[in-house]
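Heads up, the thing below is written out as structure tokens.
The values are calculated or read from the model by the stated rules, or taken from the named source; none is laboratory data. Predicted model, so just to flag it, every value in this text is computed and none were measured. Methodologically, a virtual Cβ is constructed for each residue, glycine included, from the backbone with ideal geometry; neighbour enumeration extends over all protein chains shown.
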Amino acid sequence: MRALALAATLVLIGSGSVLAQVPRGPVLEELRQRIMRGATGTVEGRVYLERTKPDAPDQPLVGLGVLLVPQADDLLSQLEGLKRASRDSVQGFRAAAPGVRDLVDEYETELWRAGYPDAAPRTVTDATGTFRLQVPAGAWLLVARRSIFVKTHSPRPVGPPSALALDPLALYSTSQFQHFQPIARLTGFDAVSFWLREVEVTQGETVALDLHDRGVWLSAVEEEHDIARRGRLSRMTKKR
């Protein structure tokens, strides 16, 4: 059942379907009215790596994107489903980080399409790793993401394509090995960390958050692959 649920999630994400419905118009309009009335609160925090030695300072994480969106049960359910699937299989682990990113991005995009960009405020951490957002009173979901590229293999130097590689008839030449699909080779990956917090904002008050490396909600990867030029040209030729 878990495998079927993961497969369904991956199909929906790959098709660009919106899995989480944004709040209805009256709810979003009420958030806008609270902004106009000044019924807002503040969400602030600091994102950092904890010190490695007792006498060493913490390392602030600079330039990290921080997003606040209205809470939605189906959005949280889908995110938690991807997190659970990341522990069940290699496929789930590989799909977790791209899946979370796509879900959050789609949710934010739908808020903009609905005409409520102020319901999806974004900011980045400053030189001290801190951030600050003013939002209407209500229930919010905070998402912060950090990505570091790790190189695992140097791609082979690729020279200019040969006449055989450029010739469409080469696809049907005598060598049976030319019909095999090219094998994607892992050249590196992004080590991705997500922080996810449910936040209840009260008018006139400040919610202070402490986001550090031991409090990461999800750690996963986004893989990068390299396919030989011959394979790329072959696929382009087949589409003609």
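Remarks
- Hey, Ala119 in contact (Cβ under 8 Å) with a residue 40 or more places away in the chain and crowded, with 16+ Cβ neighbours inside 10 Å or not: yes
- The listed residue being surrounded by 14 or more Cβ atoms within 10 Å (Cβ to Cβ) and either under 12 Å from the mean Cα position of the chain (by Cα) or of a type in the set (Lys, Arg) (or both), out of Arg101, Arg87: Arg101
- Residues within region 81-116 that are closer than 23 Å to Ala137 by Cα, aromatic (Phe, Trp, Tyr) and touching a residue at least 24 places away in the same chain (Cβ under 8 Å), tallied: 2
- Residues of region 187-240 that are at pLDDT 95 or above, in contact with a Pro (Cβ under 8 Å, 6 or more places away or on another chain) and farther than 30 Å from Ala39 by Cα: none at all.
Quick grid of which residues meet (1) assigned to a loop (DSSP other than H, G, I, E, B); (2) not acidic (Asp, Glu):
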| residue | (1), (2) |
| --- | --- |
| Gly63 | yes, yes |
| Leu68 | no, yes |
| Ser77 | no, yes |
| Gly81 | no, yes |
| Tyr107 | no, yes |
| Leu111 | no, yes |
| Asp118 | no, no |
| Ala127 | yes, yes |
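- With respect to the conditions (1) modelled with pLDDT under 95; (2) surrounded by 14 or more Cβ atoms within 10 Å (Cβ to Cβ), Asp55 lacks only one, and its number is (2).
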